[in-house]
Amino acid sequence: MTIYDNLFPLGIGTNRFAVTGPDDQAGIEQAAQVVRSALEAGASYIDVSHTYSKGTAMEICRRAFTQTRAPRHVTVKSSFLSDKTADDALRRTETAFVKLGIDHAFCFILWNIESWAQFEEVMDKGALYDGARLVKERGLVDHICFSTHAPPEDIIKMLRSGAFEGITLSFSALNSQIMHPVLDCAAENHVGVAVMNPLGGGLIPQQAQYFSFLRGGNDISTVQAALRYVYAHPAVKVVLSGMRSEAELRENLSAFKTPSAEAPAERIERVDRGFGRIEGFCTGCRYCEGCPQGIDVFALMQSYNATLFPKPEAAYGRTDTHLIETIGICSRLRNTFAFLPPDTATPCVKCGRCQVRCTAQLPIMERLDELYRRFSDAGFSKQSMLERLRGLIGDRRKVAFYPGGGYTAYVLGLLKEAFPGTAFELSLFDSNPGLWGTKTAGVEVRGPEGILYARPELVVVSNYTYSDEIYRDLTKRLEGRVPVVRLHRPGDVPWVF
C-alpha cells in the first residue's frame, strides 16, 4: 500500500494554464472552472506551486476551492534552492495556506532534489527535511514526499533511504527505458509514485500522428494511449496532466474512466517495441557503458534521441529549429541524468569501444562530436556559465537580478562559484506580487518599482523565455539610470529546464 492508492489516477497539474499573468482575470477564472470540473470528476490530487502558470496557480486553485466541496488532496512545495532551513519550510507552508485558502495539505514535497549530494544536504540537521517533519508534526500535512530529476541511480538510493512516502518524477513513453528500474524500486519500497510530464513535456500531443503507434486496443487518441502507457506500470498511482480546457480534461479523464482493452504488461511491451523500430534510436541496452575516458555515453545517446522526433514550432520562446533540438537534448540530459559537462571540449579520444559494442550500430563517435559542438554553441557547460557571469558582472558588487524565482536561485548558486569568497550586495525584483516579501536563496524579493531605490550598479535579466520582453521593459522603466544586461545570448539553451 502507498499513500496514493486510494486516489483517482488523474492528477491536476497547474503549470500550463492559459493565463498571461496575475492581471488576466478572465484567464484565471476560466482555469478555476477547469480545476473545479476536474475535482468534481474525481481528480483530487493537485500539484501546485506559487511559481506555476506565471504565478497565478494558487489563486486559480483558491477560487476553485470556493466553488466546490469535492475532495481535494493539495501539495505544498519547498525548494532546496530557495528554502534552506526548517524555519523556511514552515514559512513556505504558512504562506501557501494563505494563498490557497486552506489550513491543511495532503503532503509536503521537497521540490526537485537534483542529485544525491543535494539529498544529503537537505537531510542535514536543521535543514529542509527537518522542516518537513516539523510541518507534519504540527498536523499541517499528512505526508512527506519529494520530486526529482536526479539520475536514476541517485533516485533509487533516495527511494531506499526510507525518508519519503511519495515521489513525483518525470516518466513518459519517451524515457521508459531508463525509468522502469526506478519505478520497480519505488514499488519494492512502497513509495507512491506520481508522474509529471506523462506526455513528454507536450511533445506527444503536438506530434500525435507521429506517435500514433502508442495506440492499441480501444484507445481513441494518442494522448489517451500515452496516459494509459504511463499508468500501466504498477508503481504509478497518480498521473499529473496540465489541462488547459474542459476538452483536454475530458480527453484525459477518458484514459482512466474507460477500461482499457489491453493488459498493462502487453501495452508496455508493445509500445517499447515500437520505439525500437525508430531508425537511429538508442534503445537503452547500455552495452556502450564503461568508457575509458569516463564519458557517460548512455546518457548522451539517450538524450540524442530527441533529435529523431518531430520538433515543436516553439520552445521556451524560441523558434529556431536547430536551437529547439538542442534544448531538447540538453533538457533531457539535465532533467533525466543531471548531466552538465564541466566544459565544452569533447573528451572522446575515438577509441571506438562504445561504438563496436552498440547493438543498434549507432555512429556514437560522430554523435559525440556533434553534441559537444552543440554544447559549445549553446553555452551548455559549467565553465561557460561561470564565464558568462564573470563577464557580465566584472568588478561590480552591488548587483540586482530580475526576476526573483527559482531560476534566479540557481543563478545565485553559480554566482558563488564564479566569485568565490566575494561579498555581494544582492537585490531581487519581480513583477509577480505573489513573490514580494518572500525570500529566494536568502534574498528578499521586491517589486520592480524598488530597483531605483536599491541603486544597484547592474541589473541582470536572469530569465530565459521572456528575456527580451523583460529587458525592453526594464530599459524603458530605468531610462538609462542603471545598466541592464541579459544573462542569456540568443543561441543559448536555458540553465534550468
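Quick look at the numbers
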read-out	value
Cα Rg over Rh - the stretch 1-158, Kirkwood	0.98
Per-peptide average of other Cβ atoms within 10 Å, ordering 406-418, 308-320 highest first	406-418, 308-320
Protein accessible area in the stretch 65-113, 1.4 Å probe - carbon and sulfur %	51
Principal axis box of the stretch 184-330, alpha-carbon based, largest edge first, Å	50, 41, 29
Whole-Å distance, taken between Cα centres, linking the stretch 180-243 and the stretch 310-386	25
Cβ crowding within 10 Å averaged over residues, with 39-45, 72-78 ranked highest first	72-78, 39-45
Mean accessible surface per residue for the chain, computed with a 1.4 Å probe while every protein chain stays in place, in Å²	42
Dipole-positive endmost among Gln224, Ala247, Leu183 within the stretch 176-257 (Cβ charges, Cα centre)	Ala247
Computed lengthening from Ala265 to Glu248, 0.36 nm per intervening residue step minus Cα-Cα distance	3.5 nm
Extension gain from Leu414 to Gln207, taking 0.36 nm per residue of separation minus the Cα-Cα distance	70.9 nm
Cα shape, the stretch 395-473, gyration tensor, a/c 1.5 rule	rounded
Accessible surface, 1.4 Å probe, highest first, among residues His104, His488	His104, His488
The chain: DSSP helices with Cα axial extent of at least 27 Å and average Kyte-Doolittle hydropathy no lower than 0.5	none
Within the chain, percent of DSSP bridges classed antiparallel, to nearest 5	10
Sequence ranges 160-171, 188-199, ranked by mean other-Cβ count within 10 angstrom, highest first	188-199, 160-171
Rg to Rh, two decimals, where the stretch 109-193 supplies the alpha carbon set and Rh follows Kirkwood	0.98
Amide H partners (placed H, <5 Å) of Asn112, local residues excluded	Ser147, Thr148
The stretch 297-407, accessible surface, carbon-and-sulfur percent (1.4 angstrom probe)	48
Where Asp103, Asp343 fall by accessible area, highest first, once all protein chains stay in place (1.4 Å)	Asp103, Asp343
Accessible area in the full protein assembly, largest first, 1.4 Å probe, for Ser115, Ser172	Ser115, Ser172
Largest to smallest principal axis extent of the C-alpha atoms in the stretch 1-94, angstrom	42, 37, 20
Mean Cα-pair separation over length for the stretch 259-413, i.e. relative contact order, pairs under 8 Å, 6 or more apart, %	21
5 Å-binned pair-distance histogram of the stretch 303-398 (Cα, whole percent)	2, 12, 18, 20, 19, 13, 8, 4, 2, 1, 1
Set of aspartates and glutamates near Lys136 by C-alpha distance (under 19 Å), chain-local residues within fewer than 8 positions excluded	Asp47, Asp83, Asp87, Asp88, Glu94, Asp103, Asp124, Glu165
Whole-Hz couplings from phi, Karplus 6.51/-1.76/1.60, listed for the stretch 191-203; x for Gly and Pro	9, x, 10, 10, 9, 9, 6, x, 9, x, x, x, 5
Subset of Lys54/Lys311; Lys125/Lys439; Lys84/Lys398; Lys77/Lys237; Lys157/Lys382; Lys311/Lys476 violating a 27 Å alpha-carbon distance limit	Lys311/Lys476
P(r) tail fraction, the chain - alpha-carbon pairs more than 30 Å apart, %	49
Over the chain: helical MRE at 222 nm, DSSP H runs n ≥ 4 each giving -39500 (n - 2.57), nearest 500	-12500 deg cm²/dmol
Reachable aspartates and glutamates, given that their alpha-carbon falls under 18 Å from the alpha-carbon of Lys257 and they are not under 8 places away in the same chain	Asp5, Glu40, Asp219, Glu246, Glu248
At R0 = 25 Å, FRET efficiency that the Cβ-Cβ distance of Gln361 and Glu289 yields, to 0.05	0.90
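The values are calculated or read from the model by the stated rules, or taken from the named source; none is laboratory data. All values derive from a computational prediction rather than experimental measurement. Because the Cβ atoms are built from the backbone with ideal geometry, glycine has one as well, and the counts that use them run over all protein chains shown. For accessibility, only protein heavy atoms count, side chains too; no ligands or nucleic acids. Shrake-Rupley method; radii C 1.70, N 1.55, O 1.52, S 1.80 Å.
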